[in-house]
Amino acid sequence: MKRIFIIILFLILPAKAFALIEVDITRGNLNPLPIAVSPLSIDENSRQNFQKILKKKNIGIEISAVVEKNLKTSGLFNPLNKDAFLQEPDIANLKPRFEDWNLIKAQALITGKVNFVDDKLRVEFRLWDVLAGKEMMALAFTTVPNNWRRVGHIITDKVYERLTGEKGYFDTRIIYVAEEGPKTRRVKKLAIMDQDGENNKFLTLGNELVLTPRFNPTSQMVTYLSYFRNLPRVYLLDIETGMQEVVGDFPGMTFAPRFSPDGKKIIMSFAKDGNSDIYTMDLENRIVEKITNHPSIDTSPSYSPDGKYICFNSDRSGYQQIYIMKKDGSNVKRISFGRGLYGTPVWSPRGDLIAFTKLHKGKFYIGVMRTDGSGERLLTENFYQEAPSWSPNGRVLIFYRETKTNDKGEGFSAKLWSIDLTGYNERLVTTPTDASDPSWSSLLSN
Amino acid sequence: MNKSLLISSVLHLILIIITAMSLPFLAKKPIDLPPIVSVELIQITDKTNIPFAPKAKKTIEKIKEKEKKLVSEQAPPKKVKKIKPDSVPMPEDKVKKVEKIKEDKQNPEKIDNEVKQVSEFEKKELFDPNNIAALIDKSKIETSETNKKTDKVTQDQQKNLENTGLSLSEEDALKAQIFGCWSIPLGLPYNENLLVRIKLQLNPDGTVSQSEILDHARMNKPGQGFYKVLAESALRAVKLCQPLRVPTTGYERWKELQLNFDAREMLEG
């Protein structure tokens, strides 16, 4: 009995002695993280070699400028002005003087160096935690010199992932429909570019009308809709090889072919016997399967990232609303209940949200809601905007926005815009021509 | 004709009366409802920080007694009592009195009374800097004594605070400071259990002498990338916020502090 009492006493006493004061920190600031991107150092010999090949005076500065621009557009980082840097790039790369970087309020620092090795570009970079005074990451890449922009994007992806906890979206491309000419006689071409608007290329000549290009989530394949002799035709295009393939001709109105998450199927809607329903097509055996069977108009299907569910829009309730169902078409459930019309639902690659376009009182909104329809948030409002497409990390949406024409029919333009989930970081994505129907690729470096 | 006219005028009259009677009802203003005052109920703490009343009473009485003693030390009433009011004051006595005062320079009241009778020269002597210094020294001793006594009072409060943690205002000040320093990594998933607990050893000026992540092992486990990012951001916040806004007193109470960083509320939006 005495022993038990002593044991209990020993158990209780330390608990009393170590009673710590606990403070719960449940809020923080959402200000962009101050980060210093020191220009990548380069020796004179390498600098001259790269200047001959790439026609760039200092490739180290160019790469760091790509990183800096990427970080700034993300809205999560605040790259500090290089004029305030106290340490030279070559010394900073060896051993940063953290007091100097602390002085300009940098919380993170990127340093690195570029070398010309066997006609190739070799880039080393390091990420430093200025406040802790330690190295967070060090990586090196070797590639052909022409890939220097991609190196900048890959560095940004690595830094972004290390500091935010989620994968980046910078080493990606965007495919879209480039538009030229007056509104009544629009020439539409398929075009592709890097996510920052650089390296723009046209993939079709503009002889035929092209619509709704969509990336394959697993590879660099694109499916899109084109009209051949006034009949909609679904194409497959390999970006790397440029090879194009007809998947099939479909009767009536056909909309928005989209890949399944494994890339083996295409899901789309088309009208048969005057009724629009959702169909899938197996790309191996070309078997078409009907998923919905309802007298209403069912369109814009999009798979969940695990491939088990499909979201789509339908007017079966009298108004166009968003529904989800199992991949075989069973268990149809309406999830949008707000005022207005809902369309173009797209499931986030993270699986937690569905992006949509909403029309209410003559205004168009891009918004997101949880997969059960709760937590609807409208991110942006405008005269006309639609077709959101997710960045591969499910954090940013790209969409297109059209401007109002005046009485003479002038002033029309269509541009690509991006917005992140906070709704504050809205940016114009520069394209050489007018643009619509964007689709974001998965990470190229995966 | 007259009959119908009469009926018509009577009916009209009734109509006018009804209208006159009913119109004020229409003109009545809608009931003004007082605006709804929202009241937020705040859970403070189960235990009060104020010391238990009977104890406080005792300690206050003790202080009062000691204060009395202090006063008596400053101006011993016995000496005053010795002076016989009936006796005629002799010049010699007066001189003796002044001498006594010179010796007993701790009593300003007495000096004040006698100043009228002494010369300017003597006045200067009375206010010589050494005496003032002595007075200040004495006052210092007194204040330190009273501080000791008040310390005794706050010891009870401290015991209470040790059990209940920081007071609401102290905790709020610290929270507000760290809120400003903590840049939340926005890429973290809101639906995962990501709670980072950091134990801090603090210096009396609020600077951090040591910080330790309590679930440190989790940082290097595979698949815990989000936890690592959150933990690092929390450490950055602590470093950036130094010196922490801690209370000016009771160092023993808060020299060890645990901060629980939880970003779920913010990430959910």
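Across peptide B:236-245, the average count of Cβ atoms from other chains found within 10 Å of a residue's Cβ is 3. Shielding of peptide A:100-112 by partners, expressed as the average count of other chain Cβ atoms within 10 Å per residue Cβ, is 1. Rounded to the nearest 0.05, what FRET efficiency do A:K120 and A:N31 have when you use their Cβ-Cβ distance and R0 = 41 Å? The value I calculate is 0.55. Computed about the Cα centre, the dipole magnitude for chain A is approximately 660 debye when only Lys and Arg (+1) and Asp and Glu (-1) carry charge, each at its Cβ.
For segment A:112-252, the gyration tensor built on C-alpha atoms gives a prolate shape. Its axis ratio a/c (a ≥ b ≥ c) is at least 1.5, and a/b is the larger of a/b and b/c.
Checked against a 19 Å cut-off, the cross-linked pairs A:K55/A:K415; A:K272/A:K358; A:K134/B:K228; A:K72/A:K189 give Cα-Cα distances beyond that limit for A:K55/A:K415; A:K272/A:K358; A:K72/A:K189. Take every pair of alpha-carbon atoms less than 8 Å apart whose residues are at least six positions apart; their mean separation over the length of chain A yields a relative contact order of 9 percent. Remark: mean inter-chain Cβ contacts per residue of B:168-176 equal 2, using a 10 Å Cβ-Cβ cutoff to other protein chain atoms. Between helix A:2-17 and chain A there is an angle of about 80 degrees, using the helix long axis and the longest principal axis of the Cα atoms.
Fully extending the segment from A:L54 to A:Q244, taken as 0.36 nm per residue of separation minus the present Cα-Cα distance, adds 65.3 nm.
Taking a 18 Å limit on the Cα-Cα distance, which of the listed pairs A:K363/A:K408; A:K265/A:K333; A:K264/A:K308; B:K175/B:K221; A:K57/A:K158 fall beyond it? Those over the limit are A:K363/A:K408; A:K265/A:K333; B:K175/B:K221; A:K57/A:K158. Couplings 3J(HN,Hα) of segment B:246-254, computed from phi: 9, x, 6, 10, x, 4, 4, 5, 10 Hz, in residue order, whole Hz [Karplus 6.51 cos²θ - 1.76 cosθ + 1.60, θ = phi - 60°; x for Gly and Pro]. Using 1/(1 + (r/R0)^6) with R0 = 41 angstrom and r between the beta carbons of A:E135 and A:D372, what's the FRET efficiency to the nearest 0.05? Step by step, r from the Cβ atoms, then E = 0.45. Computed from Cα atoms, the angle from the helix A:148-164 axis to the main principal axis of chain A rounds to 70 degrees. The C-alpha atoms of chain A define a longest principal axis, and helix A:59-74 lies at about 70 degrees to it. For segment A:173-440, rounded, prolate or oblate, judged on the Cα gyration tensor with a ≥ b ≥ c (square roots of eigenvalues), a/c < 1.5 rounded, else prolate if a/b > b/c? Rounded. Which of rounded, prolate or oblate describes segment A:342-399 when judged by the alpha-carbon gyration tensor and an a/c cut-off of 1.5? Judged from the Cα gyration tensor, segment A:342-399 comes out oblate (a/c at least 1.5, b/c at or above a/b). Other residues lying with their Cβ under 9 Å from the Cβ of B:Q201 contribute a combined charge of 0, Lys and Arg counting +1, Asp and Glu -1. In terms of surrounding Cβ atoms within a 10 Å radius of their Cβ, B:T19, A:T204 rank from fewest to most as B:T19, A:T204.
For the peptides A:256-269, A:186-199, A:43-56, residues were scored by their other Cβ atoms within 10 Å and the scores averaged per peptide; the highest-first order is A:256-269, A:186-199, A:43-56. In order along segment A:100-110, phi translates into HN-Hα couplings of 5, 6, 5, 4, 8, 6, 6, 9, 9, 9, 10 Hz, rounded to whole numbers, per the Karplus curve 6.51 cos²θ - 1.76 cosθ + 1.60 with θ = phi - 60° and x for Gly and Pro. 3J(HN,Hα) along segment A:429-435, derived from phi through the Karplus expression 6.51 cos²θ - 1.76 cosθ + 1.60 where θ = phi - 60°, amounts to 9, 6, 10, x, 10, 5, 8 Hz, with x in place of Gly and Pro. Taking packing as the residue-averaged number of other Cβ atoms within 10 angstrom, the listed peptides A:415-427, B:2-14, A:334-346 run from highest to lowest as A:334-346, A:415-427, B:2-14. Each other residue within a Cβ distance under 14 Å of A:T143 adds +1 if Lys or Arg and -1 if Asp or Glu, for a net charge of 0.
All of the numbers you see were taken from the coordinates with simple rules; none came from a lab. Note that the coordinates shown come from a computational prediction; the quantities given were computed from them, not determined experimentally. A quick note on method: Cβ atoms are made from the backbone with ideal geometry, for glycine too, and the neighbour counts reach across all protein chains shown.
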